[in-house]
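This report concerns only the one structure given below.
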Amino acid sequence: MDIIGERWAVPVMRELMLGPRRFSELKTSINGISANALTRRLARLEEVGAILREVLPPPASVQVYALTAWGAELGPVLQALGRWAVRSPEHDPTRPFSPTSLMLSLRAMASAEALHGMSAAIRFVLNGEDFFWRCEDGAVAVGRGEIESPDLTVSGNSSAVAAAIYGGADSADVSVEGEDALWARFRALFTLPPKAPLVRG
């Protein structure tokens, strides 16, 4: 618990859940983190064996950070934390989302009952980067990268897309290509649970 309890540890681990990232990509996607703080947190997570540094093969040949097999085991824990956090009385569904945090939430928060019998492939273009959400017989997979022949394509700033899904408001900043009925059904998968009661001593 000490490892993920340190400041910025969870956001860094979260941003690596969908694959390796460069330092600059991590800094851009983690709201409010400084270069020095990110450097320290990456060094600490590498020291304890949760992440590693590697160099991508040519033609990229750039250094990236990636989760180790043990680090990746945090994934289900982050999903459970996300489902717990949305019940906070102070949770704001319109808060800033990075593309990765949005895609992970779309895997964790989909209603199992509403997913029953659903099969769909949805392309997301978030902040200019491709992601996918795929459902086959109720099982959801998300990832980074292009998807062939999507049933729906959703494009826009990741925070605006999150607000459209979780806040229920249409936005001129979000572009949707495909059937309106599928977009409506998709958004209906993510009805947020009731807030926990605010108890004061």
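The values are calculated or read from the model by the stated rules, or taken from the named source; none is laboratory data. Remember, predicted model here, so these are calculated numbers, not experimental data. Neighbour counts are summed over all protein chains in view; Cβ atoms, including those assigned to glycine, are modelled from backbone coordinates with ideal geometry.
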One residue from ALA72, ALA66, ALA80, ALA50 being of a type in the set (Gly, Ala, Ser) and in contact with a Pro (Cβ under 7 Å, 6 or more places away or on another chain): ALA66
Members of the stretch 82-94 that are loosely packed, with under 15 Cβ neighbours inside 10 Å, outside any loop (DSSP other than H, G, I, E, B) and not basic (Lys, Arg): TRP84, ALA85
Any hit, the stretch 98-108, residues being in contact (Cβ under 8 Å) with a residue 40 or more places away in the chain, closer than 27 Å to PHE186 by Cβ and of a type in the set (D, E, K, R): no
Residues (without any contact (Cβ under 8 Å) to a residue 12 or more places away in the chain and small (Gly, Ala, Ser)) located in the stretch 81-93: ALA85
Among residues of the stretch 1-50, those that are aliphatic (A, V, I, L, M), within 18 Å of GLU73 (Cβ to Cβ) and surrounded by fewer than 16 Cβ atoms within 10 Å (Cβ to Cβ), counted: 3
ALA50 within 20 Å of GLY143 (Cβ to Cβ) and outside the structural domain of LEU152 (by TED's automatic domain parsing): no
Residues (touching a residue at least 60 places away in the same chain (Cβ under 8 Å) and within 19 Å of PRO96 (Cα to Cα)) located in the stretch 166-201: TYR166, GLY167, PHE190, THR191, LEU192
Test: residue in the stretch 18-36 that is closer than 27 Å to TRP133 by Cα, within 15 Å of the chain's Cα centre (by Cα), part of a loop (DSSP other than H, G, I, E, B) and among the charged types (D, E, K, R): no
Failed item in (1) surrounded by fewer than 17 Cβ atoms within 10 Å (Cβ to Cβ); (2) assigned to a helix (DSSP H, G or I); (3) not hydroxyl-bearing (Ser, Thr, Tyr), with GLU146 passing the rest: (2)
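Conditions (1) within 21 Å of GLN79 (Cα to Cα); (2) at pLDDT 95 or above, marked per residue:
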| site | (1), (2) |
| --- | --- |
| LEU115 | yes, no |
| GLU129 | no, yes |
| TRP133 | yes, yes |
| ILE147 | no, no |
| GLY156 | no, yes |
Pair list, Cβ under 7 Å, 6 or more apart: the stretch 4-23 residue modelled with pLDDT of 95 or more and basic (Lys, Arg), other residue assigned to a helix (DSSP H, G or I) and surrounded by 15 or more Cβ atoms within 10 Å (Cβ to Cβ): ARG14/LEU78; ARG14/THR100; ARG14/SER101; ARG14/LEU104; ARG21/GLU15
Scan of the stretch 172-185 for residues that are surrounded by 15 or more Cβ atoms within 10 Å (Cβ to Cβ) and either in a loop (DSSP other than H, G, I, E, B) or out of contact with any helix residue (DSSP H, G or I) (no Cβ under 8 Å at 6 or more places or on another chain) (or both), ordered by number: GLY178, LEU182, TRP183
Lone qualifier among LEU126, LEU152, LEU189 - being in contact with a Pro (Cβ under 9 Å, 6 or more places away or on another chain) and surrounded by 16 or more Cβ atoms within 10 Å (Cβ to Cβ): LEU126
Count - residues of the stretch 167-193 that are under 23 Å from GLY82 (Cβ atoms) and modelled with pLDDT of 90 or more: 8
Matching residues in the stretch 117-132 - criterion: being touching a residue at least 40 places away in the same chain (Cβ under 8 Å) and under 22 Å from SER159 (Cβ atoms): ILE122, PHE131
